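Working notes for the structure below.
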Amino acid sequence: MNKGKNTKLFLHLKKWLEKAVLDYKMIEEGDRLLIGVSGGADSFALLDLLDSPMVFVPRFSFIAVNIDMGFDPDYVAYSQLEKYLQENNYHYIMEKTDIGLLAHSDYNKKNPCFLCSRLRRKRIFEIADAEGCNKIAFAHHRDDIIETLLINMFYGREISTMMPNQSIFDGKLHIIRPLAYLKEELVKKYNRERQFPAAKNCCPTSLTSKRVYVKNLLNDLERDNKEIRENIYKAMSHVKPDYLLPPKKK
Ligand code: SF4
């Protein structure tokens with residue numbers, strides 16, 4: 001679908017998406033991608049940008065996959081997403097699950113996100129295998145990468161983040177993040193420009209998660225220092241191991 005794909009914003013996002021894909025060797029000739037589509041703004045942008053004629057990125061094929069978490073009993077967002085995928089002739093799989101409800105059940109109330117993402121990811125890996133996909137593309141953007149670094153430090157006692165191109169299962173599968181260079185505000189702006197039928201997250205934890213806490217914290221810090229996100233992002237490629245504590249012996 002090329003309608004609306006010649007705006008300044010589209011060309012900017014496309015340029016930086018291609019640069020991230022090339023810098024991190026995310027896509028190779030003949031790859032088959034599973035594109036994770038949650039129905040949120042970021043995933044619509046990812047699908048739309050990857051479904052555009054590429055200048056430098058090698059040819060690849062893809063399938064869009066949605067795992068419904070079971071939060072929306074009327075499946076309104078689910079139906080809107082399916083209509084969009086059908087109208088735009090996407091090859092897709094949509095699966096209804098109760099993963100979200102299971103993750104919020106009484107025995108797991110303390111940390112729903114852990115089980116939720118684990119079960120969703122497991123299902124995505126299974127679908128990737130069944131569909132012959134060697135890469136899984138997620139819509140995590142630059143702000144997600146920055147926030148994850150802080151979440152892992154604050155709550156996981158480690159310095160790590162989401163990698164733009166991560167090899168798993170001995171290299172049989174790769175998780176790629178083509179939006180790694182794109183700022184969240186521009187991705188959301190593109191969503192408004194294209195009027196994707198993005199749905200709000202119905203998960204009860206989505207307003208109180210650690211990610212939301214860290215996002216708000218960064219917004220507060222940004223009022224004093226506009227460069228704060230940029231500085232954290234750059235710091236991840238400027239690590240001085242000699243000025244860190246030595247790794248703990250096991
Ligand atoms: S915020 Fe909700 S949907 Fe997202 S990982 Fe946590 S439990 Fe799952």
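The values are calculated or read from the model by the stated rules, or taken from the named source; none is laboratory data. For clarity, every value in this text was computed on a predicted model and none was experimentally measured. Positions of Cβ are generated from backbone atoms using ideal geometry, with glycine treated the same way; all protein chains shown enter the neighbour counts. Surface accessibility is based on the protein's heavy atoms, side chains included, excluding ligands, DNA and RNA. Shrake-Rupley method; radii C 1.70, N 1.55, O 1.52, S 1.80 Å.
Out of curiosity, is Ile35 buried (at least 19 other Cβ atoms within 10 Å of the Cβ), on the phi < 0 side of the Ramachandran plot and hydrophobic (A, V, I, L, M, F, W, C)?
yes
Grab the helices (runs of 4 or more DSSP H) fully contained in the range 89-194, keeping just those with 3 or more residues being in contact with a Cys (Cβ under 8 Å, 6 or more places away or on another chain) and open to solvent by 40 Å² or more (accessible area, probe 1.4 Å). Please lay out each step first, then the result.
On the way: elements: 99-103, 112-130, 142-156, 184-194.
Where helices (runs of 4 or more DSSP H) fall fully within the range 89-194, none carries at least 3 residues being in contact with a Cys (Cβ under 8 Å, 6 or more places away or on another chain) and open to solvent by 40 Å² or more (accessible area, probe 1.4 Å).
Is there any pair with a first residue in the range 95-119 that is under 21 Å from Val212 (Cβ atoms) and a second that is loosely packed, with under 12 Cβ neighbours inside 10 Å and among the β-branched types (Val, Ile, Thr) whose Cβ atoms are under 6 Å apart and which are 6 or more apart or on different chains, and what are they?
The qualifying pairs do not exist here.
Would you point out the residue of the range 32-74, among those that are away from the ligand (no atom under 16 Å from the Cβ) and of a type in the set (Phe, Trp, Tyr), that is nearest to Leu186 (Cα to Cα)?
If we take residues in the range 32-74 being away from the ligand (no atom under 16 Å from the Cβ) and of a type in the set (Phe, Trp, Tyr), then Phe44 is nearest to Leu186 (Cα to Cα).
Which residues, counting only those in the range 7-32, are basic (Lys, Arg), farther than 15 Å from Leu46 by Cβ and open to solvent by less than 80 Å² (accessible area, probe 1.4 Å)? Walk me through it before giving the result.
Looking only at the range 7-32, we keep the residues that are basic (Lys, Arg), and these are 8, 14-15, 19, 25, 32.
Still in the running and farther than 15 Å from Leu46 by Cβ: 8, 15, 19, 25, 32.
Selection gives Arg32 alone.
Within the range 147-203, can you find the residues that are among the small types (Gly, Ala, Ser) and free of Cβ contacts under 8 Å to residues at least 60 places away in the same chain?
Just the residues of the range 147-203 that are among the small types (Gly, Ala, Ser), to begin with: 156, 160, 167, 171, 180, 198-199.
Gly156, Ser160, Ser167, Gly171 - these are the residues of the range 147-203 that are among the small types (Gly, Ala, Ser) and free of Cβ contacts under 8 Å to residues at least 60 places away in the same chain.
For the range 72-88, which positions are in a loop (DSSP other than H, G, I, E, B) and open to solvent by less than 40 Å² (accessible area, probe 1.4 Å)?
Initially, the range 72-88 is screened for residues in a loop (DSSP other than H, G, I, E, B), giving 72-75, 88.
If the condition is that a residue be in a loop (DSSP other than H, G, I, E, B) and open to solvent by less than 40 Å² (accessible area, probe 1.4 Å), then Asp72, Asn88 are the ones that fit.
Given the criterion away from the ligand (no atom under 13 Å from the Cβ), farther than 24 Å from Phe196 by Cβ, aromatic (Phe, Trp, Tyr) and under 18 Å from the mean Cα position of the chain (by Cα), identify the matching residue among Phe154, Phe125. Reasoning before the result, please.
Numbers: Phe154 fails: under 18 Å from the mean Cα position of the chain (by Cα).
Of the residues listed, the single one that is away from the ligand (no atom under 13 Å from the Cβ), farther than 24 Å from Phe196 by Cβ, aromatic (Phe, Trp, Tyr) and under 18 Å from the mean Cα position of the chain (by Cα) is Phe125.
Filter the range 59-71 down to residues that are open to solvent by 10 Å² or more (accessible area, probe 1.4 Å) and in contact with a helix residue (DSSP H, G or I) (Cβ under 9 Å, 6 or more places away or on another chain) and give me whichever is nearest to Lys200 (Cα to Cα). It would help to see each step written out before you state the result.
Taking the range 59-71 as the starting set, the residues that turn out to be open to solvent by 10 Å² or more (accessible area, probe 1.4 Å) are 59-62, 67-71.
So of that shortlist, the ones also in contact with a helix residue (DSSP H, G or I) (Cβ under 9 Å, 6 or more places away or on another chain) come out as 60, 62, 67-71.
Working: Phe60: 30, Phe62: 25, Ile67: 15, Asp68: 13, Met69: 13, Gly70: 14, Phe71: 11 Å.
Checking each candidate, the answer is Phe71.
Every residue in the range 195-204 that is open to solvent by 70 Å² or more (accessible area, probe 1.4 Å) and either over 25 Å from Cys116 (Cα atoms) or part of a helix (DSSP H, G or I) (or both), please.
Taking the range 195-204 and keeping what is open to solvent by 70 Å² or more (accessible area, probe 1.4 Å), we get 195, 200-201, 204.
Gln195 - this is the single residue of the range 195-204 that is open to solvent by 70 Å² or more (accessible area, probe 1.4 Å) and either over 25 Å from Cys116 (Cα atoms) or part of a helix (DSSP H, G or I) (or both).
So Leu207 fits all but one of (1) without any contact (Cβ under 8 Å) to a residue 24 or more places away in the chain; (2) touching a strand residue (DSSP E or B) at 6+ places or on another chain (Cβ under 9 Å); (3) assigned to a loop (DSSP other than H, G, I, E, B); what number is the exception?
(2)
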